[in-house]
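Student: Dumping the structure here so I can ask a few things about it.
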Amino acid sequence: MATSSPPGTAQAETAQAGSVPARWWKTAEPRPARRTVVSAAVTTSVGLAVVVAAGTLLHQTVLVPPLAATAAIVTATPGSPLAQPRHVLGGHMLSCLVCFVVLALGWHGPWAAAAACGIACGLVLVLKAAHPPAMATAVMIMLTDPPAHRFVPLLAAGLALLVGVQMVSSRLRREVYPTAWW
């Protein structure tokens, strides 16, 4: 007489799968190669060091947090759609545009930041340029109200720099980045 284990238990899952039970502490994906980890760390550090230096000189260090998140995505997962130039440049610049329009309409503060972030999120999704760190750029713009004539060029230059650094890093490793431009 066969006994059955209650559903959801390790014994039931083993019986169903006919193999070793799944463990909650095991990851579903393998660890990245050491070369990839070192390359991502170095590339992120180099790109952000230049962004921090430029931001410090121009008194616009507010860009560092969203660009740090972008650098992590671009260097750690260069094959991801979110790491491609269309998403990186398009997501941040569209979010930036939305925020400066909202500011021009006279909306300021945290509630305006929430609204601008939502509008920016919808716009980048419709235009197929989603990039989550761009929403942090939107919030930063709304909460700090930086001068557009200084902020926009610095943002564009920082983004182009991060994409460029990753392109160089990929070429040195004989890998392909970007996998798609537009």
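The values are calculated or read from the model by the stated rules, or taken from the named source; none is laboratory data. Bear in mind that the values here come from a model prediction, so they are computed numbers and not experimental data. Counting neighbours? That spans all protein chains shown, and the Cβs are built from the backbone with ideal geometry, glycine included. Only protein heavy atoms, including side chains, enter the accessible area calculation; ligands, DNA and RNA are left aside. Shrake-Rupley method; radii C 1.70, N 1.55, O 1.52, S 1.80 Å.
Student: Filter the range 161-182 down to residues that are in contact with a helix residue (DSSP H, G or I) (Cβ under 9 Å, 6 or more places away or on another chain), open to solvent by 20 Å² or more (accessible area, probe 1.4 Å) and in a loop (DSSP other than H, G, I, E, B), then give me how many there are.
Tutor: Residues flagged as in contact with a helix residue (DSSP H, G or I) (Cβ under 9 Å, 6 or more places away or on another chain), open to solvent by 20 Å² or more (accessible area, probe 1.4 Å) and in a loop (DSSP other than H, G, I, E, B) within the range 161-182 amount to 7.
Student: Okay, next question. Considering only the range 137-174, state which residues are within 30 Å of GLY106 (Cβ to Cβ) and of a type outside the set (A, V, I, L, M, F, W, C). Write out each step before concluding.
Tutor: Narrowing the range 137-174 to residues within 30 Å of GLY106 (Cβ to Cβ): 137-159.
Result: THR137, THR144, ASP145, PRO146, PRO147, HIS149, ARG150, PRO153, GLY158.
Student: Output the number of residues of the range 130-148 satisfying the condition of being closer than 20 Å to TRP181 by Cβ and either assigned to a helix (DSSP H, G or I) or at pLDDT 95 or above (or both).
Tutor: 2
Student: For the condition crowded, with 22+ Cβ neighbours inside 10 Å, under 20 Å from TRP182 (Cα atoms), touching a helix residue (DSSP H, G or I) at 6+ places or on another chain (Cβ under 8 Å) and free of Cβ contacts under 8 Å to residues at least 60 places away in the same chain, what is the one hit in GLY91, GLY158? Before you say what the answer is, go through the steps one by one.
Tutor: Numbers: GLY158 fails: free of Cβ contacts under 8 Å to residues at least 60 places away in the same chain.
Every option except GLY91 fails the conditions.
Student: When the residues of the range 41-80 are filtered to those that are free of Cβ contacts under 8 Å to residues at least 40 places away in the same chain and over 24 Å from LEU154 (Cβ atoms), which remaining residue is surrounded by the most Cβ atoms within 10 Å (Cβ to Cβ)?
Tutor: For the range 41-80, the residue satisfying everything is THR77.
Student: State whether one or more residues within the range 18-26 are of a type in the set (A, V, I, L, M) and modelled with pLDDT of 70 or more.
Tutor: Taking the range 18-26 first, the residues of a type in the set (A, V, I, L, M) are 20, 22.
Subsequent filtering for residues that are modelled with pLDDT of 70 or more retains none.
No, every residue in the range 18-26 fails to be of a type in the set (A, V, I, L, M) and modelled with pLDDT of 70 or more.
Student: List the number of the failed condition for VAL98; all other conditions in (1) touching a residue at least 12 places away in the same chain (Cβ under 8 Å); (2) touching a Pro at 6+ places or on another chain (Cβ under 9 Å) hold.
Tutor: Against the list (1) touching a residue at least 12 places away in the same chain (Cβ under 8 Å); (2) touching a Pro at 6+ places or on another chain (Cβ under 9 Å), VAL98 comes up short only on (2).
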